[in-house]
Structure formats: C-alpha cells, structure tokens
1. Using only the Cα atoms of segment 144-197, construct the convex hull and provide its projected area averaged over every direction, in square nanometres to one decimal.
2. So what J values fall out for segment 27-35 if you push phi through Karplus, 6.51 cos²θ - 1.76 cosθ + 1.60 with θ = phi - 60°, rounded to Hz, Gly and Pro as x?
3. Using just the helices of the chain, give the 222 nm mean residue ellipticity in deg cm²/dmol: DSSP H runs with n ≥ 4 each add -39,500 (n - 2.57), and the total is spread over all residues, rounded to 500.
4. Rounded to the nearest 5, what is the percent of antiparallel bridges among the DSSP beta bridges in segment 72-186?
5. The chain: Rg/Rh from Cα coordinates, Kirkwood Rh?
6. So what are the ³J(HN,Hα) numbers for segment 76-84, from phi and the Karplus equation (6.51, -1.76, 1.60; θ = phi - 60°), rounded to whole Hz, Gly and Pro as x?
7. Evaluate 2.2 N^0.38 Å with N set to the residue count of segment 167-239, then give the Cα radius of gyration divided by it.
8. Calculate the spin-label point distance for residue 184 paired with residue 78, positioning each point 7 Å from the Cα along the beta-carbon direction, and give it in nanometres.
Amino acid sequence: MKNAYGEFARYYDHLGWGGFASVCAGRLKSFFRLRGVKPESILNLACGTGELEKILSSTGIEFTGVDLSGGMLKEARRKCPESKFVMADAAAVRFSRKFDMILMLFDSINHLDSAAHVNRLFKNVKRHLNKDGYFIFDFLTPIGLKGWKEQSIRRSREYTVVVNSLYDEKKMRADIVIEAFMKNGKNYRRVVQNLVERSYPPADIIKGLVSAGLEKITATPFDNSEEIEEAGRLWFVCG
C-alpha cells in the first residue's frame, strides 16, 4: 500500500476530506441500532486522521487504528489519545487479539496496489475478526473510479485545491495528483499528494471475500438513489 500521505496529512481534515467519516459514523450508528448490537472493540484499517474515532468516542467502543502514514497517525493520536494507533500495512499487521468489528473506509481498499494485496487484506481481516463479528468497507467500482477522469478546482479564503486525474479504463486504474495551496500570511504554501487507486469487478471482490472465509456478504449502493449495477461506490457488510 504505497499511498501513504506525507505532509498532506496535516491539512487533510482542513481541506474537507474528513467529512466522509461523519457520513460513515451515521451509517454505523444506524447499523448498531438496527442490529441491536454495539461492538465492544473496532479495528479501523487505514484509519487516517482518526476522525471516525473522534466522532464515535462517546460510544465507549475501544478503537485500534492502523495506517501507513506517520502524518495521519500523528493527527489521530492528537485527536484521540485514548485510542491505540499502529503504523503498518493493513494486510500485514498482526495483533494477539481479535475484534468485534473491522472497518476499512473511504475507498481505502482501492488504494491497495494489486488484487493479490486485496486478497491478503481479506485473509488478515478473517484472522483478526471475532466469531459473529462484522467486516464493513466501502469500495469504488470501475464506474465510480472512472469519475476521477477529470480536473477539479475548489477554493476558499484559506486554500485552493486542484485535483488532476487520469483514468486507464483497461487497467481500471486512476492516477491522481492533488495540489493544495494553503494560505500562510501573505503567501501560500504548496503541498502535493500523488495517489493511485485501482478497482476490480465487484464479482472479484466477493470471490476474494468468500475465499478468505468471510460469509454472509451483502453489498448495497452507497448512494441509495443508484441501482446496484450502476453504483459508483458499494457498501459491503460481511458477518
């Protein structure tokens, strides 16, 4: 997993990307209510800046976060000193315990560098998931990843963000360059982040989950207005 955020991690939430955690936190709270169960422990893979842990801190859930980016983990530890955070590859990290729920959100699956890497991740999830536990993740489909084939500019009084991306339809791969110009007194500080995201046919994702021993798989459109065959992002629940 090579997309470790460097200096960009410092500005990640400020630039608005932390907002996705609020959406996911709402979904998880609904999940807890509907299932009548709240996990005692959650392993959050690719946890980023710890925004989800911060939002759900009042639930009393014990969080352990894993990320490859030291910068992201620095922010997470600042926000949530009561949680444990580990710098590691989500597919390779090892714990001497299991968890009631494992998460991997904000298309972090798409950041893994190959189908084999994704399948190793699924096997590692199975290794660390308690019996009757749940694995929940979201995933950009090839349709969703194709949406990165664009340029976008976002401005505020404090920053300008320029996103340039190219999508290779044959390889189902998006190469993304994010440039942020952060206001610093009378000047601007330029911060650049390069990312690569990959997608796979959803049937291949399900096959990998089954092969890893993860069962009771459901996949629904993240956007409820979309039909599942045309969905850009899927929400998976296994357990």
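1. 3.7 nm²
2. 4, 5, 4, 5, 4, 4, 5, 5, 7
3. Counting only the DSSP helices, I get -7500 deg cm²/dmol.
4. Among the beta bridges of segment 72-186, antiparallel pairing accounts for roughly 75 percent.
5. Computed over Cα atoms, the ratio is 0.95.
6. 4, 5, 5, 6, 10, x, 7, 8, 9
7. Here the Cα radius of gyration is 1.63 times the empirical estimate.
8. Result: 1.5 nm between the two label points.
We did not get these values from a lab; they are worked out from the coordinates using the rules stated. These numbers come from a predicted model, not from an experiment. Heads up, the Cβs are rebuilt from the backbone with ideal geometry, glycines too, and the neighbour counts pull from every protein chain shown.
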